[in-house]
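Everything below concerns the one structure shown next.
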Amino acid sequence: MSPDPDFKRALEEIKARLTPEAMIREWGKEPVQRSNRLWATCPLHEEGTPSFAIGPDPGLWYCFGSCSKGGDLFDLICARLGISFIEAVEFAAQRTGVDLPKKRGPENKREEPGLKLLAHAERIYRDGLKGANGRAAREYLTSRGFEATTIEAFGIGYAPPSHGAGGNPISALTQGKGGAPVELAESVGLVRIGDRDGRPYDFFRHRLMIPIRDERGRTVGFGGRIMPGEEGPKYVNTPETPWFKKGRVIYGFDRALPHAQRNKQLILVEGYTDVMALHQGGILHGAAVLGTATTEAHGRLVRRSGAQQVQLLFDGDDAGRKAAHKALKGLLSLDTEIFVVPLDDGQDPADILATEGAAGMTSRLEMGQPWLEFMIGGLKPLSGSERVRGISEMFEMVAALSGGLLQDEALKGMAAGLDTPLDVLRTEYKGRRGASPRVSSTHKDVVIPAMEPSQSSSQDSPRSGGEFTPKEARSHEQMEKRCRHALAALFSTVLNDPGLFPRVRETLDGELSSEDSGRPLFDAMAKLWDNDEDPSLNLVLDELGDQPIRSRVAKLMQTLEGEEDLSQRTCEVLDEIKYCRNEQEILKVNGRIRVQQELCTETQPEDIRLQAEETLKSLRGNLMLLLSLRVPGGDRLVDAP
């Protein structure tokens, strides 16, 4: 049973106050920074060469030496002191002064301090827009045609200059008794600390302030637009924080979600003001990625919208076209139609709405091109090395599609559109992707600890039914081992990229029985996902509490850490599981065919013989179907270590 919400909040508070680095320093270890990790000799065993690493997440550790253990703060304390998980939590709580809940009652509805401070900052900025200092910002919004209702709905505000009356309003919150902690204001991205005097100052100054909200409508960061006539970057966003990660937020998604769910469509544009203009024009299912390539986390949000069609509406200039290419990256794996709506050079959605209105914008949307057609259109004018680079980029997009059939259909479209022989494209694509969408040789040195099957599933193995020859029984057992390693690999892909969970959820759920050793890990991931939280290693460990699988989770993550293409790796592992299960079914059907063949002899009574012949006919049909589903070259898949 996973910990209750109050207990999990206490775990997070403890880990915010006490880190693995602080603990090993107390134990006499002096970590050294190398690349994105801290390295030290392991506090759990004797060694001369440092093999104990903290990071890249500072709350997680792993020993690459003889103990091969890892986890979070509590796992480290458990391993060092030889105590239970609960005892480790109590030890750390006493050290940090965090009170553990005595009663595990209903979830505490108290607002999280970081989000509370961000919401307060939004109110300050909104008041600033209405005040005397906000006059220029109001005039700019009016010149762009934004109405008061739109400004209010999107929470637009103004951050004043640092000098003069009202300057540094967020830093002022940290002053005096009862003020917000400076560390919290800095951690949410609202203030910086001066290098010379050590005093806090506002991060956003003399900018139009646009709140960035997550899918629940909570303000997690801000975009600050430069004021007309000023010099500097056009937009400055909140830096990456625990609350704001650009790769996990779609601007305006909270407002677009109900409308996307209703009409099964979602429009993605490039900027904040494009979203505001769409909504003001009555096109309410528009949102924006924040100047980054779409990620699996973005894809997760799009999938939750239920949109069956996504339209990419970007500026008509070269930057807009590049943005359209980036936006495709995390969306192609979705079972969704994707259209690109190219605009004329220099135009953006806000311009069209201002000159042509909602009717003109709707007409443009209806003329969108399928993504493949759009990409091919961009390649046609190219030649030589530019064309080769463009085709290589296309191959990366094709590889993101879910399934070999879709990938091959895309290659056919490329061949027709580019007037290039299909066989040439197929050969080049396979060469670049590594022969096939299966486990490539580059993964053969990865040893993934298998998930142990439940006792009931091993008892149900058909090898005990007398239908298998000894050779077939060994083959069936080998396939089972390969499948168990593949299931562990699926867990590893999710721990390294939580956004992949929807793609593997159905397979894991179907493969893991209630008694399976991996079931608690799956249940923890599913619970987090269903509560709109990513199943990252830190959160998964909190959710697992003291369940036995906890000790293996860090090692599962480590096996695929640094994998360059986890999306492709996931497709390969899913193919591996399908191949193994299909081969097992072939073995079962062959065994049943032998049994029925023995009943078809003349020595058997006629009624038994006729029934056996009918059954044999059905089994042979099943066998032909199973053979047709075989993955080509499946015998080259990686054997379970």
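Compared with the direct C-alpha span, the chain from Glu90 to Gln369 gains 94.5 nm at full extension, assuming 0.36 nm per residue. Across Ser162, Ser66, Ser567, the residue with the most accessible area heads the list, and the full order at a 1.4 Å probe is Ser66, Ser162, Ser567.
Under 5 Å between amide hydrogens, built in the peptide plane, is the criterion, and for Gly286 it picks out Ile267 among residues at least 5 positions away or on other chains. I'd like the distance between the alpha-carbon centres of segment 516-545 and segment 326-386, rounded to an integer number of Å. Taking the Cα centre of segment 326-386 as reference, the centre of segment 516-545 is 38 Å away. In a reduced charge model with +1 at each Lys and Arg Cβ and -1 at each Asp and Glu Cβ, segment 1-57 shows a dipole moment near 160 debye about its Cα centre. Using a probe of 1.4 angstrom and keeping all protein chains present, the accessible surface of the chain works out to 48 square angstrom per residue. Extension gain, Ser143-Arg80: 0.36 nm per intervening residue step, less the Cα-Cα distance, totals 16.3 nm. Put simply, the amide H of Val220, placed in the peptide plane, has neighbours under 5 Å in Ile212, Arg213, Asp214, leaving out anything fewer than 5 places away on its chain.
Each residue of segment 583-590 is assigned a 3J(HN,Hα), and the resulting list reads 5, 5, 5, 4, 4, 4, 5, 4 Hz, derived from the Karplus form 6.51 cos²θ - 1.76 cosθ + 1.60 (θ = phi - 60°), x at Gly and Pro. About the centre of its Cα atoms, segment 206-348 shows a dipole size close to 720 debye [charges on the beta carbon of Lys, Arg (+1) and Asp, Glu (-1) only; nearest 20 debye].
For Glu533 and Glu409, a Förster radius of 41 Å and the Cβ-Cβ distance give a FRET efficiency of 0.70, rounded to the nearest 0.05.
Straight-line cross-link reach from Lys69 at under 18 Å between alpha-carbon atoms covers these aspartates and glutamates, not counting any fewer than eight positions away in the same chain: Glu21, Glu46, Glu47, Asp57, Asp542, Asp546, Glu561. Taking Cα centre as origin and charging only the Cβ of basic (Lys, Arg, +1) and acidic (Asp, Glu, -1) residues, the dipole magnitude of the chain rounds to 980 debye. Which shape class applies to segment 12-150: rounded if a/c is under 1.5, otherwise prolate when a/b exceeds b/c and oblate if not, where a ≥ b ≥ c are the square roots of the Cα gyration tensor eigenvalues? Prolate shape, in that a/c is at least 1.5 and a/b is the bigger ratio. As I understand it, the dipole of the chain uses +1 on the Cβ of Lys and Arg and -1 on the Cβ of Asp and Glu, about the Cα centre. Which of Cys580, Thr49, Thr336 lies farthest toward its positive end? About the Cα centre, the residue reaching furthest to the positive side is Thr49.
Beta bridges per DSSP, both residues in segment 199-334: antiparallel share near 60 percent.
Between Phe64 and Ser402, the distance separating the two model label sites (each 7 Å from Cα on the Cα→Cβ line) works out to 3.5 nm. Summed over all non-identical Cα pairs, the Kirkwood treatment of segment 338-398 gives a radius of 13.3 Å. Between segment 220-260 and segment 27-71, the C-alpha centres lie 36 angstrom from each other. For the peptides 416-426, 275-285, the ranking by packing is 275-285, 416-426, with the highest mean count of neighbouring Cβ atoms within 10 Å listed first.
Atom-type composition of the exposed protein surface of segment 150-224 places 47 percent of the accessible area on carbon and sulfur (1.4 angstrom probe).
What residues from segment 517-539 fall in the zone where the backbone N is under 17 Å from a label point 7 Å along the Cα-to-C-beta line of Asp57? Residues 521-539 fall inside that zone. Per DSSP helix of 4 or more residues, -39500 (n - 2.57); summed, then divided by the residues of the chain. What does that give at 222 nm, rounded to the nearest 500? Dividing the helical sum by the residues of the chain leaves -16000 deg cm²/dmol.
With R₀ fixed at 60 Å, the C-beta to C-beta distance from Lys264 to Arg25 puts the FRET efficiency at about 0.65.
Taking every DSSP beta bridge that has both ends in the chain, the antiparallel portion is near 70%. Applying D = kT/(6 pi eta Rh) to segment 106-229, where Rh is the Kirkwood radius over alpha-carbon pairs, T corresponds to 37 °C and eta to 0.692 mPa s, the Stokes-Einstein value obtained is 216 µm²/s. Across segment 165-174, computed HN-Hα scalar couplings (Karplus, 6.51 cos²θ - 1.76 cosθ + 1.60, θ = phi - 60°) run 5, x, x, 6, x, 6, 4, 4, 5, 8 Hz from first to last residue, x flagging Gly and Pro. In straight-distance terms, cross-link reach from Lys380 covers every one of the lysines whose alpha-carbon lies under 26 Å from its own, apart from those fewer than eight places away in the same chain; here that gives Lys322, Lys326, Lys329, Lys412, Lys430. Couplings for segment 288-304, taken from phi via the Karplus curve 6.51 cos²θ - 1.76 cosθ + 1.60 with θ = phi - 60°, read 9, 7, 9, x, 9, 5, 5, 10, 4, 5, 4, x, 4, 5, 4, 4, 5 Hz in order; Gly and Pro are left as x. Under a no-solvent Debye model with one identical scatterer per Cα of segment 246-329, what's log10 I(q)/I(0) at q = 0.13, 0.23 Å⁻¹? Normalising to I(0) and taking log10 leaves -0.34, -1.10. Ranking Ala287, Ala165, Leu541 by how far each Cα lies toward the positive end of the dipole of the chain (charges on Cβ) leaves Ala165 at the top. Let me see the P(r) profile for segment 196-320: every Cα-Cα distance counted, bins of 5 Å, each bin given as a percent of all pairs. Going from the shortest bin to the longest, the percentages are 2, 10, 19, 22, 20, 13, 7, 4, 2, 1, 0, 0.
What's the FRET efficiency of Lys322 with Arg192 using the Cβ-Cβ distance as r and R₀ = 30 Å, to the nearest 0.05? Efficiency, from the Cβ-Cβ distance: 0.45. Spacing of the modelled spin labels on Glu515 and Glu598, each 7 Å from Cα toward Cβ, amounts to 2.9 nm. The coefficient of translational diffusion for the chain, derived via Stokes-Einstein from the alpha carbon Kirkwood radius under 37 °C and 0.692 mPa s, stands at 116 µm²/s.
The values are calculated or read from the model by the stated rules, or taken from the named source; none is laboratory data. Nothing here was measured: the structure is a model prediction, and the numbers come from that model. Because the Cβ atoms are built from the backbone with ideal geometry, glycine has one as well, and the counts that use them run over all protein chains shown. Just the protein is used for accessible areas: all its heavy atoms, side chains included, with ligands, DNA and RNA removed. Shrake-Rupley method; radii C 1.70, N 1.55, O 1.52, S 1.80 Å.
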